[in-house]
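Please read the structure below before turning to the comments.
The values are calculated or read from the model by the stated rules, or taken from the named source; none is laboratory data. These numbers come from a predicted model, not from an experiment. Cβ placement follows ideal geometry from the backbone for every residue including glycine, while neighbour counts extend to all protein chains displayed.
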Amino acid sequence: MGKIVFFGECMVELSQQEDGLLKQSFAGDVFNSAVYLARTFTQVDVSLMTAVGSDSYSEKMLQYFADESIGCEFVYSSKTKSAGLYAIKTDDAGERSFTYWRSDSAAREIMSHVAPADVGRLSKQKMFFFSGISLAVIKPSERDKFWHMVETLRQVGVTLVFDPNYRARLWQSEQEAKQQIERALNICQIALPGIDDFSKLYGIESTDDLVEFLTNFDIEEVVIKNGSQNVVSVQRGTIQECAVVPVLNVVDTTSAGDGFNGVYLGARLQGKTCEEAISFASSAAGFVVQRKGAIVEKESYDSFVTNFDLKSASSSIS
């Protein structure tokens, strides 16, 4: 059985509905990926590494983790902090805008809870996934402890997976963001970048330019998400472009990349090729953006997984 730990935060989500009321749920980039992986590949052992508070929302969050079959072995509880919160609005084109209340959340102090024994248990995992948001949320004073933990995991054979997922407002400066993101690119074995992130931070606008930029790092497997245009993979110097079937009815793009990441990694853990995993992940992302919310309704998603034809989807690869 594959084992993967997703490192980051889960927040209380308030999303505006058509009647103007707010719907409360839970979401966060790495958490969303964990949920989609767990729903799609029930054979994979999925855990979340985060910190929550002792408030009522945190208690409900823990129950939600259990309902989604997300392991809580690495979920820590703070007696003084609470869960982060954000509100989201989507426009008619499915694009989103956010308002956050997370500056003093429990997740920012996650590394203060991590003991050597926890790192030992992490060493038994197959994969460890983190993102640029995960890095930005950690208190700067605790990042050295995080990097020591990650370096230890790599030394014992855990595959490190990184999605840059750049959000400017979370960083003190572009220089700080670049330093941390490049440190992650230098140590990860799998990278799942999006063109948008590198366009904002580095002015890189094309997959060709991003492939060239990433040759500066010794990454075994790179999968570049280029929105609705294509997905480009790079493995051992071999570049392959995968077509993406256009989605005409885009409702909410909140979790397109998150859903792709989770399904891609689950497929790889289950022995699928990079190309097969991209096909399945792209189809999942296309399904997700046609429905509201970061995490779509479970019954409809389960139906998508049941009816998905991986062999047929693989034919879209060029």
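Every residue, every condition in (1) outside any loop (DSSP other than H, G, I, E, B); (2) out of contact with any Lys or Arg (no Cβ under 8 Å at 6 or more places or on another chain); (3) at pLDDT 95 or above, yes or no:
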site: LEU210; (1), (2), (3): yes, yes, yes
site: PHE217; (1), (2), (3): no, yes, yes
site: GLU241; (1), (2), (3): yes, yes, no
site: VAL247; (1), (2), (3): no, yes, no
site: THR306; (1), (2), (3): yes, yes, no
site: SER314; (1), (2), (3): yes, yes, no
Worksheet, complete the sentence: So the helices (runs of 4 or more DSSP H) completely within the range 88-172 holding 3 or more residues that are in contact (Cβ under 8 Å) with a residue 12 or more places away in the chain and buried (at least 19 other Cβ atoms within 10 Å of the Cβ) are 132-137, 143-155
Worksheet entry | Unmet criterion (only one of (1) among the charged types (D, E, K, R); (2) in contact with a Ser or Thr (Cβ under 6 Å, 6 or more places away or on another chain); (3) at pLDDT 95 or above) for ASP252 | (3)
Discussion item. Of all residues being over 14 Å from GLU68 (Cα atoms) and of a type in the set (Gly, Ala, Ser) in the range 5-27, which is nearest to the chain's Cα centre (by Cα)? Just the residue, please.
Written reply: GLY8
Worksheet item: Which of the following residues is in contact with an Asp or Glu (Cβ under 6 Å, 6 or more places away or on another chain), closer than 23 Å to LEU160 by Cα and not hydrophobic (A, V, I, L, M, F, W, C): GLN270, GLN235, GLN240?
Response: GLN235
Worksheet, complete the sentence: Filtering strands (runs of 3 or more DSSP E) wholly in the range 1-78 for at least 2 residues that are over 17 Å from LYS298 (Cα atoms) gives 3-7, 11-16, 45-52, 71-77
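Just to be sure before I move on: is GLY257 assigned to a helix (DSSP H, G or I), small (Gly, Ala, Ser) and within 25 Å of LEU37 (Cβ to Cβ) in the structure I sent? If you could, list the steps in order and put the result at the bottom.
Values: assigned to a helix (DSSP H, G or I): yes; small (Gly, Ala, Ser): yes; within 25 Å of LEU37 (Cβ to Cβ): yes.
Yes; evaluated as a whole, the condition is true for this residue.
Please determine whether any residue of the range 49-63 is under 17 Å from the mean Cα position of the chain (by Cα) and within 21 Å of GLY293 (Cα to Cα).
no
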Worksheet, complete the sentence: Going through (1) charged (D, E, K, R); (2) in contact (Cβ under 8 Å) with a residue 60 or more places away in the chain; (3) out of contact with any helix residue (DSSP H, G or I) (no Cβ under 6 Å at 6 or more places or on another chain) one by one, ASP258 fails only at (3)
Item to complete: State all residues of the range 9-44 that are buried (at least 17 other Cβ atoms within 10 Å of the Cβ) and of a type in the set (Asp, Glu); if no residue qualifies, say none.
Response: GLU9, GLU13, ASP29
Discussion item. Of everything in the range 133-158, what is more than 15 Å from the chain's Cα centre (by Cα) and of a type in the set (Ser, Thr, Tyr)? Give them in sequence order.
Written reply: SER141, THR152
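Would you point out which residue out of GLY293, GLY286 is of a type outside the set (Lys, Arg) and touching an Asp or Glu at 6+ places or on another chain (Cβ under 8 Å)? Give the derivation first.
On the way: GLY286 fails: touching an Asp or Glu at 6+ places or on another chain (Cβ under 8 Å).
The match here is GLY293.
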Practice prompt. Considering only the range 178-233, state which residues are in contact (Cβ under 8 Å) with a residue 24 or more places away in the chain, among the hydrophobic types (A, V, I, L, M, F, W, C) and surrounded by fewer than 15 Cβ atoms within 10 Å (Cβ to Cβ).
Written response: PHE217
Worksheet, complete the sentence: Scanning the range 275-304 for residues that are modelled with pLDDT of 90 or more, touching a strand residue (DSSP E or B) at 6+ places or on another chain (Cβ under 9 Å) and buried (at least 21 other Cβ atoms within 10 Å of the Cβ) gives ALA277, ILE278, SER279, ALA281, SER282, ALA285, ILE295
Worksheet, complete the sentence: Inside the range 173-208, the number of residues satisfying the requirement of being assigned to a strand (DSSP E or B) and touching a Pro at 6+ places or on another chain (Cβ under 8 Å) is 2
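Every residue, every condition in (1) of a type outside the set (Asp, Glu); (2) over 18 Å from ALA106 (Cβ atoms); (3) in contact with a strand residue (DSSP E or B) (Cβ under 6 Å, 6 or more places away or on another chain), yes or no:
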| site | (1), (2), (3) |
| --- | --- |
| MET11 | yes, no, yes |
| LEU22 | yes, yes, yes |
| ASP29 | no, no, yes |
| ASP45 | no, yes, yes |
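Where residues in the range 260-274 are of a type outside the set (Val, Ile, Thr) and in a loop (DSSP other than H, G, I, E, B), which of them is surrounded by the most Cβ atoms within 10 Å (Cβ to Cβ)?
Step one: list which residues in the range 260-274 are of a type outside the set (Val, Ile, Thr), which gives 260-262, 264-272, 274.
Subsequent filtering for residues that are in a loop (DSSP other than H, G, I, E, B) retains 270-272.
On the way: GLN270: 16, GLY271: 9, LYS272: 19.
Checked the range 260-274; the qualifying residue surrounded by the most Cβ atoms within 10 Å (Cβ to Cβ) is LYS272.
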Item to complete: Select, from LYS89, LYS81, the only residue that is farther than 23 Å from LEU153 by Cα, touching a Gly at 6+ places or on another chain (Cβ under 7 Å) and of a type in the set (Lys, Arg).
Response: LYS81
